[in-house]
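Here's the structure, in structure tokens; my notes come after.
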Amino acid sequence: MLAGQERAEVEVLAVAEEFELPRRPGWILLIGRFVRRKPLGAFGLAVVLLMAAAAAGSPWLSRYDAEETFRVVNPSYVPGSVEPEERLDSRSGPSWEHWFGTDQFGRDNYARVVWGARRSLGVGLGALLFAIIFGTTIGIVSAYFRGWFDMLAQRIMDSIQAFPPMLILLLLVSLTERNLITLTMGLGFVVITGAQRIVRSAVLSAREDPHVEAARAVGCSPFRLMAVHILPNVAAPIIVIFSIGIAGVILAEAALAFLNLAPIEPPSWGMMLNEGRGYMTSQPATMLAGGAAITLTVMGFNLAGDALRDILDPRIRLT
């Protein structure tokens, strides 16, 4: 009898070991897999983190104030002449004192790039948060209730989308006060239409899922259904919209600054392009610094967004 009980316990232990769930890999292993399988996405994420660190630490990393002008000894100065003893250190090339050179006003290009990161990322994050909040709300409510509200909301979105985004931005900056708040809200406004369409298409599929039908059958309110049972299932496209859309917003902000239609403070990468285009052949340091910052940031967000989209796609697993 005792031998039979011991044999049964051994069999139970063997079954328990056979069905033991695998351990979840640690963060280091997951990061290593991500870098190995998505090297371009890892590079893009590294660029994004670098720009975010520059934006967050701009007061300590910029070395100089963005508006500080520098002067050097005038080599043609003669005592008693009308020539000034010192002149602006303008349009100088890269050096130990000025890593990216100086612009035509004698300001340090590196400091303006670092401070421009705070402006570009701040405007981009603010605009995307504004667009995601309103676009997600409109998309979820429109797809859930359908009917006349869905038709009215979509026709309004169609009418807004019929106008070119840059035309809407030019109209907004012309009719409102030029400050970062209105600029951020205007950029977010033109992104709402695309964001709500993507969310709406995802909700149309998610609202028919079995767990949503079961929650509806037990009497869950529409608000709880949308907030608790539907919204988490459409979080993946929302994250992708955020990661890829911010690159377009940064480009739009740089374009407006290049056209002198954006606030002049704090420094902007697009403004650096505009200020340096007149000296692009003789001293291109200012234009190259602003253009490289725009290119790297937009490329980083696009690469990271593409990799994130592949990871969050249910048909692709990062294993």
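Per 0.36 nm of contour for each residue apart, how much would the distance between A236 and I133 grow if the chain were fully extended, relative to their Cα-Cα spacing?
My answer for the length gained is 35.6 nm.
List V35, V123, V141 from most exposed to least, where exposure is judged by having the fewest other Cβ atoms within 10 Å.
Arranged by neighbour count, lowest to highest, V35, V123, V141 become V35, V141, V123.
Just subtract the alpha-carbon distance of F163 and L61 from 0.36 nm times their residue separation and send over the number in nm, one decimal.
Separation in residues times 0.36 nm, less the Cα-Cα distance, equals 32.6 nm.
Read-outs throughout are calculated quantities, based only on the coordinates presented, and are distinct from any laboratory measurement. Computed from a prediction, not measured in an experiment: that's the story for all the values here. Don't worry about glycine lacking a Cβ; one is built from the backbone with ideal geometry, like all the others, and counts go over all protein chains shown.
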